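Since the structure comes first, as structure tokens, the remarks are kept for the end.
The values are calculated or read from the model by the stated rules, or taken from the named source; none is laboratory data. Fair warning: this is a prediction, and the values are worked out from it, not measured in the lab. All Cβ positions, even for glycine, are placed from backbone atoms using ideal geometry, and neighbour counts span all protein chains on display. Each accessible area value is taken on the protein alone, full model and side chains, heavy atoms only, with ligands, DNA and RNA left out. Shrake-Rupley method; radii C 1.70, N 1.55, O 1.52, S 1.80 Å.
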Number of protein chains: 2
Amino acid sequence: MDSTKSSGETAINITESKSSKGKAPATNYIATTKATPYQQQGGWKRGISIFDFILRICALVAALTATTTMGTTDQTLPFFTQFFQFQASYDDLPAFTFFVVANAIASGYLVLSLPFSIVCIVRPHAVGAKLLLLIFDTVMVGFTTAAAAAAAAIVYLAHNGNSNTNWFAICQQFTDFCQRVSGAVVASFIAAVIFIFLVVLSAEALRRH
Amino acid sequence: MDSTKSSGETAINITESKSSKGKAPATNYIATTKATPYQQQGGWKRGISIFDFILRICALVAALTATTTMGTTDQTLPFFTQFFQFQASYDDLPAFTFFVVANAIASGYLVLSLPFSIVCIVRPHAVGAKLLLLIFDTVMVGFTTAAAAAAAAIVYLAHNGNSNTNWFAICQQFTDFCQRVSGAVVASFIAAVIFIFLVVLSAEALRRH
């Protein structure tokens, strides 16, 4: 019974030092034994981190596509009257402006997060970086989803109009504008889904810690 | 050197069994010693779980408020013409219908998640339940934010209109309708923020595992 107690306490001490120092015990194991379960777990976590890095690049591509597609959309119709000049641009509608800003912030965050993701690959037991990425990823899920949903609500209105409020569909005239905007919304939703996967991956990596 | 190796390997075995079985080693520690670091961690995790439970109830209140406020909003103006009967209801606009459905789903999920949250309080080292809650909470961050953002885009339009697309503000007529809908949007955003906190709390609890 006494031996169980002492080994139990040793275990706790080492687990504690593992979570506080991170790298130090790992090198110790490499010096003494080959392929301990701790090392295997490290390899598995490294796999998760590499997948995390790839997903981050995919999300960056999606968010950048959404930003640039929406930001460069500008259609002027080839006819005009005395009172109207038929031109549609993303900054005519506040929801689209928010969309561009939110996706630009998400893109910027993704670029900044890449070095942290590399740290997680190099040091699979770095917990702080993972928790930080998880928190910001969760906020970005909210950001990109909000941008996509707000733009989607407006695009839906532009496509179909609404008879109850006398808001008329504008996509009969601005077909090219509506197509590009719809594409940007889809790209933003893809970015949001990738962010959700990133959160789940980080949580899984933290669980295995 | 040999003793370091053996204690290291014992530590790994115990850490492994801890993550795979969960409860079994904890009772062992209680039988032999009082207030080990493992137990202290258990108490700390229980505190997180109780806070998680309270936050879940707050989110449930917010989501239910959002659902019922939006779902019961129905305003008929006291005057009418031959062609129009001035009535505004949430199902006139698809974004508001989505809002009600998404917040109802979030409320239902929160009710179903309460037993899992209680399991986390009773068993602070139950990892599976925490990971499950974290994954669904992340999805719900997306759901509630999307609902709130889509409704907010439409409410903004109803308040201010848009001269570029000839969509007129309807809130001059439907003041009561617009006020209630704005309140529902705020409640949904509060629910989304609470969900973000829940994800971060679960991640922190998983990290301490």
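Observations, loosely collected:
- Of the criteria (1) under 18 Å from the mean Cα position of the chain (by Cα); (2) open to solvent by 50 Å² or more (accessible area, probe 1.4 Å); (3) in contact (Cβ under 8 Å) with a residue 24 or more places away in the chain, which one A:Ser49 fails: (2)
- Some residue of the stretch A:98-111 being at pLDDT below 90, open to solvent by less than 50 Å² (accessible area, probe 1.4 Å) and not in a loop (DSSP other than H, G, I, E, B): no
- Qualifying position, being facing chain A (nearest Cβ under 10 Å), farther than 25 Å from B:Ser89 by Cα and not β-branched (Val, Ile, Thr), among B:Leu114, B:Leu134: B:Leu134
- Failed condition for A:Gln179, given (1) of a type in the set (S, T, N, Q); (2) in a helix (DSSP H, G or I); (3) buried (at least 18 other Cβ atoms within 10 Å of the Cβ); (4) free of Cβ contacts under 8 Å to residues at least 12 places away in the same chain: (3)
- Given (1) within 12 Å of another protein chain (Cβ to nearest Cβ); (2) assigned to a helix (DSSP H, G or I), index of the condition A:Cys120 fails: (1)
- Residue within the stretch A:147-156 that is open to solvent by 20 Å² or more (accessible area, probe 1.4 Å), farther than 16 Å from A:Val61 by Cα and within 11 Å of chain B (Cβ to nearest Cβ) present: yes
- Among residues of the stretch A:123-169, those that are outside any loop (DSSP other than H, G, I, E, B) and under 22 Å from the mean Cα position of the chain (by Cα), counted: 27
- Scope the stretch A:134-146; condition surrounded by fewer than 24 Cβ atoms within 10 Å (Cβ to Cβ) and either in contact (Cβ under 8 Å) with a residue 60 or more places away in the chain or among the β-branched types (Val, Ile, Thr) (or both); matching residues: A:Ile135, A:Val139
- Set side by side, the residues A:Val200, A:Val186 differ, and just one is at the interface with another protein chain (Cβ under 10 Å from one of its Cβ atoms), surrounded by fewer than 24 Cβ atoms within 10 Å (Cβ to Cβ) and not in a loop (DSSP other than H, G, I, E, B), which is A:Val200.
- Filtering the stretch A:159-168 to residues that are open to solvent by less than 80 Å² (accessible area, probe 1.4 Å) and either more than 7 Å from every other protein chain (Cβ to nearest Cβ) or within 10 Å of B:Ile154 (Cβ to Cβ) (or both) leaves A:Gly161, A:Asn162, A:Thr165, A:Trp167.
- Pair list, Cβ under 9 Å, 6 or more apart: the stretch B:183-195 residue farther than 13 Å from B:Phe143 by Cβ, other residue among the acidic types (Asp, Glu): none
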